[in-house]
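Structure first, commentary second.
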Amino acid sequence: MPSLGRLHLITDTRTGRDPIATVRAALAVAGPELVVQVRVEDDATDREAYELARRIVELCTPAGATCLVNDRLHVALAVHAAGGHVGALDLPVTAARRVLGPDALLGATARVPATALDAVADGASYLGVGPCYATTTKDGLPEPIGPAGVGRVATAVGVPVIAIGGVTAERVPALLAAGAYGVAVVGAVSGAADPSRATTELLTALGRTGAPTC
């Protein structure tokens, strides 16, 4: 199974954003320390998702970075991504594991220990936990759980916990102290005036620690 980096960059395909340019800038300073999660808007076609994911894989491969595809696991398979991530309204984790196979990275979303434990038992390699803080990146999210909520999940499971939602470099230390293994960001990099610098600041906050093998 591929190793899991501590900084996850989720593609931002909202109007006015350039996910390819953002990924290039992040990869230039992060290289193999980066995990790129390809996420598209709900109304994007499978062809659009495929084309974006294909280009991201082409960027990640020579840099030694990991590419995952959110939600659309058939796209992950089609572009030979390292795995995928499923949310609460996507395929169940057990079904997602069957689709991706035993060796792929598979992330699942959780907010509380009970859900987290079920996801791990069903085959999740890591957990995306949040939202940690208020964020406008995605509509319809529940109330933030803060570092304390991340800690409750992290102490309950034996897989890496990736904190997501309103994450900034300044907030990383509190999340790590709570038990998070790493963080996932969207706007902290894609909305930055200098995405490379923003990525460097996040990596510095994370300690640039090498990724273990999951």
Counting just the residues of the range 76-88 that are open to solvent by less than 10 Å² (accessible area, probe 1.4 Å) and part of a strand (DSSP E or B), which one comes out farthest from Ala53 (Cα to Cα)? Val86
Of the residues that sit in the range 8-38 and are closer than 28 Å to Val129 by Cβ and among the hydroxyl-bearing types (Ser, Thr, Tyr), which one is surrounded by the fewest Cβ atoms within 10 Å (Cβ to Cβ)? Thr13
Scope the range 183-192; condition under 13 Å from the mean Cα position of the chain (by Cα) and in a loop (DSSP other than H, G, I, E, B); matching residues: Val186
Is it the case that Ala180 is part of a strand (DSSP E or B) and under 18 Å from the mean Cα position of the chain (by Cα)? no
From Glu41, Glu48, Glu58, which residue is modelled with pLDDT under 95 and surrounded by fewer than 15 Cβ atoms within 10 Å (Cβ to Cβ)? Glu41
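Residue-wise test of (1) of a type in the set (Ser, Thr, Tyr); (2) under 17 Å from Gly107 (Cβ atoms); (3) out of contact with any strand residue (DSSP E or B) (no Cβ under 7 Å at 6 or more places or on another chain).
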position: Leu52; (1), (2), (3): no, no, no
position: Val69; (1), (2), (3): no, yes, no
position: His74; (1), (2), (3): no, yes, yes
position: Gly84; (1), (2), (3): no, yes, no
position: Ala88; (1), (2), (3): no, yes, no
Considering only the range 105-129, state which residues are buried (at least 18 other Cβ atoms within 10 Å of the Cβ), in contact (Cβ under 8 Å) with a residue 40 or more places away in the chain and either part of a strand (DSSP E or B) or touching a helix residue (DSSP H, G or I) at 6+ places or on another chain (Cβ under 8 Å) (or both). Leu105, Gly107, Ala110, Arg111, Ala116, Tyr126, Gly128, Val129
Residue selected from the range 130-174 under the condition part of a loop (DSSP other than H, G, I, E, B) and at positive phi, by the criterion surrounded by the most Cβ atoms within 10 Å (Cβ to Cβ): Gly130
Checking Ala63 against (1) touching a Gly at 6+ places or on another chain (Cβ under 7 Å); (2) buried (at least 24 other Cβ atoms within 10 Å of the Cβ), the condition it does not meet: (2)
Pick from Gly83, Gly87, Gly5: which is on the phi > 0 side of the Ramachandran plot and of a type in the set (Gly, Ala, Ser)? Gly83
Of all residues in the range 175-191 being closer than 15 Å to Thr135 by Cβ and small (Gly, Ala, Ser), the one that is most open to solvent (accessible area, probe 1.4 Å): Gly191
Suppose we filter Leu100, Leu73, Leu91 for residues that are open to solvent by less than 20 Å² (accessible area, probe 1.4 Å), free of Cβ contacts under 8 Å to residues at least 40 places away in the same chain and under 20 Å from Val159 (Cβ atoms); which single one remains? Leu73
Determine which member of the set Val57, Val35 is touching a residue at least 12 places away in the same chain (Cβ under 8 Å) and either part of a loop (DSSP other than H, G, I, E, B) or in contact with a Gly (Cβ under 6 Å, 6 or more places away or on another chain) (or both). Val35
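The values are calculated or read from the model by the stated rules, or taken from the named source; none is laboratory data. Bear in mind the structure is a predicted one, so any value in this text is a computation, not a measurement. Quick reminder, even Gly has a Cβ in these numbers, built from the backbone with ideal geometry, and neighbours come from all protein chains shown. Ligands, DNA and RNA are stripped out before the accessible areas are found, and what is left, the full protein with its side chains, is counted by its heavy atoms. Shrake-Rupley method; radii C 1.70, N 1.55, O 1.52, S 1.80 Å.
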